[in-house]
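First comes the structure, then the notes that go with it.
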């Protein structure tokens, strides 16, 4: 992955909604279903987040922040953004 992507998605520089406590971002190169190069961005949320009560506007704001930050850095790859808690990722690793 390009070092510019890591720099663009530095948590200290991003402004996410306070209702979505982001612990970290995992980013990797990704190929979408059409074969185009893109990015897979997994947003790791805090365990305290109640996924049944996530505000849709907050999700859109978070996604927009990621997309805009990439664009500002000249990165044109489309970011496919997914959300998970660390406990969910750990459960997947156990399977």
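Of note:
- Filtered by the rule that a residue be touching a strand residue (DSSP E or B) at 6+ places or on another chain (Cβ under 6 Å) and not in a helix (DSSP H, G or I), segment 57-83 gives 77, 78, 79, 80, 81, 82, 83.
- Some residue of segment 77-94 being over 20 Å from residue 27 (Cβ atoms), touching a residue at least 12 places away in the same chain (Cβ under 8 Å) and over 15 Å from the mean Cα position of the chain (by Cα): yes
- Taken over segment 16-43, the criterion of being in a loop (DSSP other than H, G, I, E, B), in contact (Cβ under 8 Å) with a residue 40 or more places away in the chain and out of contact with any helix residue (DSSP H, G or I) (no Cβ under 7 Å at 6 or more places or on another chain) is satisfied by 32, 36.
- When residue 90 is tested against (1) exposed (fewer than 14 other Cβ atoms within 10 Å of the Cβ); (2) part of a helix (DSSP H, G or I); (3) modelled with pLDDT of 90 or more, only condition (3) is not met.
- Scanning segment 25-40 for residues that are surrounded by 12 or more Cβ atoms within 10 Å (Cβ to Cβ) and either over 15 Å from residue 59 (Cα atoms) or out of contact with any strand residue (DSSP E or B) (no Cβ under 8 Å at 6 or more places or on another chain) (or both) yields 26, 27, 29, 30, 32, 38, 39, 40.
The values are calculated or read from the model by the stated rules, or taken from the named source; none is laboratory data. This structure is a prediction, so every number in the text was calculated from the model and none was measured. Because the Cβ atoms are built from the backbone with ideal geometry, glycine has one as well, and the counts that use them run over all protein chains shown.
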